[in-house]
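One structure below.
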Amino acid sequence: MRHPNMQPGWVDAPHRSVTLGHFAVESGEHIDDLFLSYVVHGDLDDRTRPTVLSLCAIGSTHRLDFLIGAGRAFDPARVTVIVVDALGNGLSSSPSNSATQGSERFPRFTIRDMVNSQKALLDHLGIVAVECVIGASMGGMQALQ
């Protein structure tokens, strides 16, 4: 899959993807083949730097990219920023791209399920703590959760 064209102020970085497999959601259902798309700004292997988790707004994936960059609030020379396309949004698992649970067969999920999937991503990456979590709109609701 290809990401939509970048908007002014967005930072161009390659999308990565991880398949996390069978994923239970709050409703008691499960997603057969959960995958999450994410972008890393900075050095993911340098665990001496703080990690920032950036969460997307509904219908947008990188709304807070204007905060990322040299001399900005989240400078990749000082912190590692992980920007996650939320469950159901962007390039991550959703009703529109699930190979086995497309459309109305995709389980209903909550903001908490989005956060749990992001925690699963962090666990997969070996990240045990984050310095802060940022998000606008729906991303803000995820950050509060």
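The values are calculated or read from the model by the stated rules, or taken from the named source; none is laboratory data. It should be emphasised that the depicted structure is a prediction, and the values quoted were computed from it without experimental measurement. We place every Cβ from the backbone using ideal geometry, glycine too, and count neighbours over all the protein chains shown.
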query: Which is touching a strand residue (DSSP E or B) at 6+ places or on another chain (Cβ under 6 Å), basic (K, R) and in a loop (DSSP other than H, G, I, E, B), of R108, R72, R49?
result: R49
- prompt: Can you name the residue in region 14-69 that is over 16 Å from I82 (Cα atoms) and among the small types (G, A, S) and is also modelled with the lowest pLDDT among such residues?
  reply: G59
- prompt: Taking region 46-72, which residues are of a type in the set (A, V, I, L, M) and more than 16 Å from G140 (Cβ to Cβ)?
  reply: I68, A70
task: Check region 88-103 and report whether any residue there is of a type in the set (A, V, I, L, M), under 14 Å from the mean Cα position of the chain (by Cα), more than 18 Å from P50 (Cβ to Cβ) and assigned to a loop (DSSP other than H, G, I, E, B).
output: yes
- prompt: Counting only residues that are within 22 Å of H15 (Cα to Cα) and charged (D, E, K, R), how many does region 90-130 have?
  reply: 3
- prompt: In region 53-69, what residues are crowded, with 23+ Cβ neighbours inside 10 Å and not in a loop (DSSP other than H, G, I, E, B)?
  reply: L53, S54, L55, D65, I68
query: Does at least one position in region 77-85 carry a residue that is among the small types (G, A, S) and modelled with pLDDT of 95 or more?
result: yes
- prompt: Restricted to region 104-117, and to residues that are among the charged types (D, E, K, R) and within 13 Å of H30 (Cα to Cα), which residue is nearest to the chain's Cα centre (by Cα)?
  reply: D113
- line: A careful count of residues in region 62-119 that are among the aromatic types (F, W, Y), closer than 28 Å to H22 by Cβ and in contact with a helix residue (DSSP H, G or I) (Cβ under 9 Å, 6 or more places away or on another chain) gives 1
